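Only the coordinates and a few stated rules stand behind these numbers; no lab work does. Everything numeric here is computed off the predicted structure, so don't read it as measured data. Quick reminder, even Gly has a Cβ in these numbers, built from the backbone with ideal geometry, and neighbours come from all protein chains shown.
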């Protein structure tokens with residue numbers, strides 16, 4: 001009878017361990033899918049290698065990295081003047 005209880009206990013503990021590992025794996029897979037889809041706005045680490053072995057790590061959110069630096073009314077714009085028109089005058 002004691003042997004039966006021991007085997008049943010080990011079986012139940014094994015089932016619980018398998019369930020816990022399955023839930024942990026499920027959570028990791030779901031978070032990876034959400035991150036790939038861009039569903040969450042968490043910080044993402046993007047590393048850019050410059051060829052010398054060191055790199056730049058960007059830890060900004062996608063919203064921050066895609067934000068425009070200059071407004072549409074700012075910048076250096078020059079009116080185009082055709083050179084042929086200048087020579088003709």
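Data overview
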{"quantity": "Extension gain, residue 19 back to residue 73 (0.36 nm per residue minus Cα-Cα distance, nm)", "calculated": "13.6 nm"}
{"quantity": "Cβ-Cβ FRET estimate between residue 34 and residue 61, R0 fixed at 25 Å, reported to 0.05", "calculated": "0.95"}
